[in-house]
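What follows draws every value from the coordinates through simple rules; no lab data is involved. These figures come from a predicted structure and were not determined experimentally. Every residue, glycine as well, gets a Cβ built from its backbone with ideal geometry; the counts of neighbours run over all protein chains shown.
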Amino acid sequence: MMEMKVIGVGAGDPDHVTIQAVKVLQRVDVFFVLDKGEVKQQLVDVRAEILRRHAGEREYRVVFGRDPERDRGSDAYVESVDDWRRRRADVCAELIAAELRDGQVGAFLVWGDPSLYDSTLAILDDIVARGELDFEIEVVPGISSVSALAARHRIGLNQVGRPFQVTTGRQLAKSWPDAVDDVVVMLDAQTAFTRHVDQDADIYWGAYLGTPDELLISGPLAEVSGQIVEARAEARRNKGWIMDTYLLRRLRKELPKDL
């Protein structure tokens, strides 16, 4: 039986890699990487640095596949994501069939944590369900960009006795979620926070967390939203891509009476 490890490697800092992940990295025979092209070469370079630091002296191989392009302009969002995942699964299945042998251990290094807005687990489940390849899957959790964001701003994610919600920019653009005052937003290509400047809220924003290019801005949403939009646009122009997340927090005037 082949083994497949899905390893969360943090938000960009090689020191985010946990001791558990290091132990697993040192058992891997083949690391699989989906290359997103020259624009995002830094993402490949960070993975290479993680392996240099943590994979040990054991001989291993790194194999690359081309990450399929996704139709980001489609109005049928769910259908376009499903199609993209199927094509990613095709690429991964071909790589695994060609490069991994019975008794060997393969791995995918996943940004942040594999359980949070990442498609690797769904893709591997799809491959196994096709019945042509069979492998055991182990998941190693990692430091998510959400955890890194809170740490860099030195804040908690929730207020006393209150829930918080993790959502996407696409959903925030529709409305502020019901019954929560603290909203963590990921995958926001639309700067959806600008639609809520009328809210009495603070924002804690971060981009390229854990990397030398890290950007952090925080303050009252109405005051700093324009600054974030400008910083984000400039960073995207300079690098060709951006990875950012943020927390929106409406301050409660008083604690719930039952606390």
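Here are some notes:
- Taking amide H as placed 1.01 Å from N in the peptide plane, M4 has its amide H under 5 Å from the amide H of G106, E136, I137, E138, each at least 5 places away in sequence or on another chain.
- Computed packing ranks the peptides 109-121, 83-95, 219-231 as 109-121, 83-95, 219-231, most packed first, by mean other Cβ atoms within 10 Å.
- Working note: Karplus 6.51/-1.76/1.60 with θ = phi - 60° gives the stretch 237-246 the couplings 4, 6, 9, x, 7, 8, 10, 9, 8, 7 Hz, where Gly and Pro are set to x.
- Once the Cβ-Cβ distance of D83 and D213 is raised to the sixth power relative to R0 = 25 Å, the FRET efficiency obtained is 0.20.
- Here, the stretch 93-182 is characterised by an Rg to Rh ratio of 1.11, where Rg is the alpha-carbon radius of gyration and Rh the Kirkwood radius.
- Ranked for footprinting exposure by Cβ neighbours inside 10 Å, fewest first, K36, K5 give K36, K5.
- If R0 equals 25 Å, the separation of the Cβ atoms of R237 and V91 corresponds to a calculated FRET efficiency of about 0.25.
- In this simple spin-label approximation, M1 and R154 carry label points 7 Å from Cα along the Cα→Cβ vector, and these lie 4.8 nm apart.
- Once the chain from R52 to R252 is taken as fully extended at 0.36 nm per residue, the excess over their C-alpha distance is 67.3 nm.
- The Rg/Rh ratio of the stretch 118-259, with both radii computed over alpha carbons and Rh defined as the Kirkwood radius, is 1.05.
- Helix 120-130 vs. the chain, principal-axis angle (Cα, 0 to 90°, nearest 10): 40 degrees
- Based on the reciprocal of the average 1/r between different C-alpha atoms, the Kirkwood radius for the stretch 2-140 equals 15.5 Å.
- Pairs of Cα atoms farther than 31 Å apart, the chain, %: 31 percent
- Helix-derived mean residue ellipticity, 222 nm - over the chain, DSSP H n ≥ 4, -39500 (n - 2.57), to 500: -10500 deg cm²/dmol
- Alpha carbon centroid spacing (whole Å) that separates the stretch 147-169 from the stretch 40-62: 30 Å
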